[in-house]
Amino acid sequence: MNLLDELRTHRLLAIVRGPDPAAALTAVLTLAESGVALVEVSLTSTDALGVIRRARAALGPGFGLGAGTVLSAEDARAAADAGAGFLVTPAIAASLAEGGRLGLPVLAGALTPTEVVQATDGGATAIKLFPASLGGPDYLGALRDPFPGTAFVPVGGVDADGARRYLDRGATAVGVGSPLLGDSVRGGDTTALRERAAAFLAAVRP
């Protein structure tokens, strides 16, 4: 998949992380049905690879399904085997180079200007600005000055109002976990998840 084009088009990446594999799978499918086109399943989730595998089977090869918190080369290979179409890292890690070897786009975690350069030089498709809450939209705006051509995706503490502020300061997309997923990853109300998805989709709409 062309992750950069997908990020530019849809502007929202949902992050699914939780202890209940059945609930996580339901959350992924509910997000897809609600119009969220990019979903990452964190490898810190219980049976994350099984969730990715089952979600891929249900959603087909064209859906924007990725694996998150991918740190090692082994993680990257396992995620690819499960059907992940892209990888997301919280930092510059061995998974970045392995993603390139596998032909998978990587959204690589970075916070400082030095890390942005290192991730870009390492082949990152885009930069996951993490944790974005440390600096907020103003920090993103400051980073955009020396890196005007870099695609930034702030992650960490981004709510619906914050999503709009980050996009206004030049973010390509935003990554959202608990403010969007709520208790759905623990078997909570999927109707409420659909409502939150609609609110976030409205917030990121150009």
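Here is how the numbers come out for the structure above:
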| read-out | value |
| --- | --- |
| Within the stretch 22-54, tally of residues that are touching a Pro at 6+ places or on another chain (Cβ under 9 Å), charged (D, E, K, R) and either surrounded by 20 or more Cβ atoms within 10 Å (Cβ to Cβ) or in a loop (DSSP other than H, G, I, E, B) (or both) | 1 |
| Neighbours by Cβ (under 8 Å, 6+ apart or cross-chain): first from the stretch 127-139, closer than 13 Å to residue 166 by Cα; second of a type in the set (Ser, Thr, Tyr) and open to solvent by less than 30 Å² (accessible area, probe 1.4 Å) | 128/89; 132/166; 137/166 |
| Only one of 190, 120, 150, 89 that is in contact (Cβ under 8 Å) with a residue 24 or more places away in the chain, open to solvent by 30 Å² or more (accessible area, probe 1.4 Å) and either aliphatic (A, V, I, L, M) or within 20 Å of residue 6 (Cα to Cα) (or both) | 120 |
| The lone exception for residue 165 - which of (1) in a loop (DSSP other than H, G, I, E, B); (2) touching a residue at least 12 places away in the same chain (Cβ under 8 Å) it fails | (1) |
| Test result for residue 84, assigned to a loop (DSSP other than H, G, I, E, B), in contact with a strand residue (DSSP E or B) (Cβ under 6 Å, 6 or more places away or on another chain), surrounded by fewer than 23 Cβ atoms within 10 Å (Cβ to Cβ) and among the aliphatic types (A, V, I, L, M) | no |
| Yes/no for residue 78 being among the small types (Gly, Ala, Ser), in contact with a helix residue (DSSP H, G or I) (Cβ under 8 Å, 6 or more places away or on another chain) and not in a loop (DSSP other than H, G, I, E, B) | yes |
| Filtered residues of the stretch 124-143 (kept if surrounded by fewer than 18 Cβ atoms within 10 Å (Cβ to Cβ) and more than 17 Å from the chain's Cα centre (by Cα)) | 134, 135, 136, 138, 139, 141, 142 |
| The stretch 193-206: number of residues that are open to solvent by 60 Å² or more (accessible area, probe 1.4 Å), assigned to a helix (DSSP H, G or I) and touching a residue at least 40 places away in the same chain (Cβ under 8 Å) | 1 |
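The values are calculated or read from the model by the stated rules, or taken from the named source; none is laboratory data. Worth saying up front: this structure is predicted, and the values here are computed from it rather than measured. Note: ideal-geometry Cβ built from the backbone for every residue, glycine included; neighbour counts use all protein chains shown. For accessibility, only protein heavy atoms count, side chains too; no ligands or nucleic acids. Shrake-Rupley method; radii C 1.70, N 1.55, O 1.52, S 1.80 Å.
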